[in-house]
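Okay, so here's the structure we're looking at.
The values are calculated or read from the model by the stated rules, or taken from the named source; none is laboratory data. Values in this document were obtained by computation on a predicted structure and should not be read as measured data. Note that we place each Cβ from the backbone using ideal geometry, even for glycine, and neighbour counts take in every protein chain shown.
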Amino acid sequence: MQFLRKYLNKIKPQFRPGGKFAKLESVFDGFETFLFTPNTTASARGVHVHDNNDMKRTMSTVIVALLPCLLMAMLNIGYQHFHAIGQPEAGWGAMFLFGLLAMLPVIVVSYAVGLGIEFIAAQIHHKEIQEGFLVTGLLIPLIVPINTPLWMTAVATAFAVIFAKEVFGGTGMNIFNVALITRAFLFFAYPSKMSGDAAFVKVDSALGYGGGTVVDGFSGATPLGEVATNVGDTLAHPTSLVDAFVGFIPGSPGETSMIAILIGAAILLITGIASWRVMLSVFAGGFAMASLAHALPSATYPASLLDPCTQLCLGGFAFAAVFMATDPVTGARTKTGQYIYGFLVGVLAILIRVYNGGYPEGAMLAVLFMNAFAPLIDYCVVQSNINRRLKRAKAAGEQ
Amino acid sequence: MALFSKRNKEAFFNPLSKDNPVLVQILGICSTLAVTAKLEPAIVMGISVICVLALSNVIISLIRKTIPTTIRIIVQLVVVAALVIIVQQVLVAYSYDVSKQLSVFIGLIITNCILMGRLEAFALNNGPWASFLDGIGNGLGYTIILVIVAFFRELLGSGTLLGFQVIPQWCYDHGYMNNGLMILPPMALITVACIIWVHRSRNKDLQESSN
C-alpha cells in the first residue's frame, strides 16, 4: 500500500491547477478518496454527525439490496427469452447467461453516461465527485424495458442527470427521483418502445448469444398489459399469484420478482437505510385502493377485477414501494409526512393503474407526482407541530 | 428628434437580446409553449404579433394625450382586439391551414402580456415613431425565441423543418426515432429554460450576484 500512496503523491501535482492534467482534478480526487481515506479533517466551524454511516456506505448497502432483483432479473430475462422462442428445455445456466449478456450493455451504458456527466459537472464546479449516481445507475437498467435501444437509454439518462439533478445542484438536491425521470422521459418520448407486447421480452440474440423466432401463440404482454385489454366481467388469462410472486412473468427487469424485492426490502430495513414508514404506508395505500377498486368491479376498468394481493404483486408497484418511494432525497422527511406521502403514493399508483385506460401501470407516475408534493407535506407537518407547541407554550404561560 | 437617435436605437435593439420579452421579462410564455411544436405556425404567430404590436403601439401613441387615464386599459384592449381580428381574418383568407393550427392562439394575442406591457410601459409615454420601433423590436425579440424553440422542437420531435423531412430515412432505418416528448408542452418549457440558461451565461449583467 505504501507504494501506491507514494505513487499517488508523486503524480498528484500534475492534477492540481497548472499541472498537465488539471482538467482531470476531480477524477483524480475521486479515485484517491476511493483508495485511501481522505486526510482532510472537518473544518474548525464544526461538523454535525448524524450517523457514522457515510454516503458511500449508504449507497453500497442499497446496491447490495438491489442485487437479488438484478440476479432474478437476469434469470427471468433468459427464462422469458427461451420460452418465447420455443426452447423451454434450456437450462437455468443458459437462461442466466442470456440474461447477463442482455443486461450488461444496459448497465454499462447507464453508468458510462451518468458517471461521465457527473465527472464533467464536478470538474466544472470544482467539487468532489459524489456517489449519488451509484444507485441510480443500477436502478435505470432495472426499470427500463429490456428491449429499449441503448441509445435511447443513453439519451434519457443524460436528460435525467442534467435536468433532474445537476441543474438543481447535484446529489442530494434533486426534487424528482432521477431514475424515474429517466424512465418517464423514455415513456413519453418513445411510447412505442416502452409499452405494448414487444417491449418486455427479448427475442433476438444478446451479444450474439441465443436468439430465435417467436413460437405461435406467444404474447410478450405483461400481465397488467393483458388485463388492460381484457373484455368482459371476468379475466380471460388470470395470472397466478405464485408466478407473480416468484417472478417468471414479462415486465421491466427488476420489477417482476416479489421474492427478490422482499429480500431487498429486508436488507434495507434491517440496516435502517430505508424508512419502514414509507414502505409500509405505500403498501397500505395500495392495498386500500386495490380493495376499494375490487369491491366495485367494472368491465370498463378491467384492472378492478384483480384481487388486491395480486394487484400489489404485479407490475412495478412493489419495486417502486421499496426502492423508489423510499428515496430519502425526494421523499418526505418528517415521520408523519412519511406516512401521508407513502399512503398517497400507493393510492395514486393503483388509481392510475385501474382507472386510466392509457396507462396499465401507474407506480412511476405516482412516485414522481408525490415527489413534487413531498416538500409541501413536510411543510404542513412542521407547521402543525409549531402551532401545537405554540399553543401549549401559550397555555403554560397563562397559568 | 433624429429618426435613429440613440434612444430609438435602444427601443429597437434592446428587446432583441438584453431586454428580450421572453428571455428576460418572461412574458408571453403561454403562446411560446402552445404554438412552437412546429416551425411554420411559430413564424406566422411571430409575424402576427409583430404586426399587431407595432400598429397598436403607433395608434395608442398617437392618441395617448386624449385617452383618460382611468379607462386607458379598455381603450388599449379595443385597439388591440380590432387589430387582432384583422390579422385573424387575413390569416383565414390567405393561409387557412396555418390559421387552423394556430386556432385560438391568434385570438389570444389580445391577452398576450407583451402587448399590454409595451402599451403601458412605452406607447403611453413616447411618440409614434419610437413606439413603432419599440413594437417591431419587441415583436422580433419574441419571434426569434419562438423560432428557435420551434426549430428544436420540430427537428427533434418530428424530424422535419417547415414540413420538409430533414432527418434522412437511413437514420430511421438504423433505429432512430422521433422524440415524442418534444411535441408535448413540457419540453417547450425546458427548451425555453435552456435558451435562458445560455443567454444569461453569455450576458454577465443579467446575472444576479450569488450572495
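Whether any residue in the stretch B:144-151 is within 14 Å of chain A (Cβ to nearest Cβ) and in contact with a helix residue (DSSP H, G or I) (Cβ under 8 Å, 6 or more places away or on another chain) is what I want to check. Even if it seems obvious, please write down each step before you answer.
Quick first cut of the stretch B:144-151, residues within 14 Å of chain A (Cβ to nearest Cβ) only: none.
The answer is no, given that none of the residues of the stretch B:144-151 is within 14 Å of chain A (Cβ to nearest Cβ) and in contact with a helix residue (DSSP H, G or I) (Cβ under 8 Å, 6 or more places away or on another chain).
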Just one of (1) under 23 Å from A:A266 (Cα atoms); (2) at pLDDT 90 or above; (3) crowded, with 22+ Cβ neighbours inside 10 Å trips up A:T334, so point out which.
(3)
Give the residues of the stretch A:84-93 that are touching a residue at least 40 places away in the same chain (Cβ under 8 Å) and crowded, with 17+ Cβ neighbours inside 10 Å, sorted by residue number.
A:A84, A:I85
Could you pull out the residue among A:A154, A:A184, A:A164 that is of a type in the set (G, A, S), within 14 Å of chain B (Cβ to nearest Cβ), in a helix (DSSP H, G or I) and surrounded by fewer than 21 Cβ atoms within 10 Å (Cβ to Cβ)?
A:A154
Within the stretch A:117-151, how many residues are touching a Ser or Thr at 6+ places or on another chain (Cβ under 9 Å) and among the hydroxyl-bearing types (S, T, Y)?
1
Among the residues of the stretch B:66-81, count how many are of a type in the set (A, V, I, L, M, F, W, C) and within 19 Å of the chain's Cα centre (by Cα).
4
Residues located in the stretch A:228-253, provided they are β-branched (V, I, T), more than 24 Å from the chain's Cα centre (by Cα) and within 15 Å of A:D197 (Cβ to Cβ)
A:T229
One residue is enough: does the stretch B:154-172 have a residue meeting the conditions under 18 Å from A:L186 (Cα atoms), exposed (fewer than 15 other Cβ atoms within 10 Å of the Cβ) and either β-branched (V, I, T) or within 14 Å of chain A (Cβ to nearest Cβ) (or both)?
yes
Reported set for the stretch A:319-331 where residues are part of a helix (DSSP H, G or I) and out of contact with any Phe, Trp or Tyr (no Cβ under 8 Å at 6 or more places or on another chain) is A:F319, A:A320, A:V322, A:F323, A:M324
Here, helices (runs of 4 or more DSSP H) confined to the stretch B:46-159 with at least 2 residues that are of a type in the set (S, T, N, Q) are B:72-94, B:96-102, B:128-158
Going by what's in this entry, would A:A199 be described as crowded, with 18+ Cβ neighbours inside 10 Å, assigned to a loop (DSSP other than H, G, I, E, B) and among the hydrophobic types (A, V, I, L, M, F, W, C)?
yes
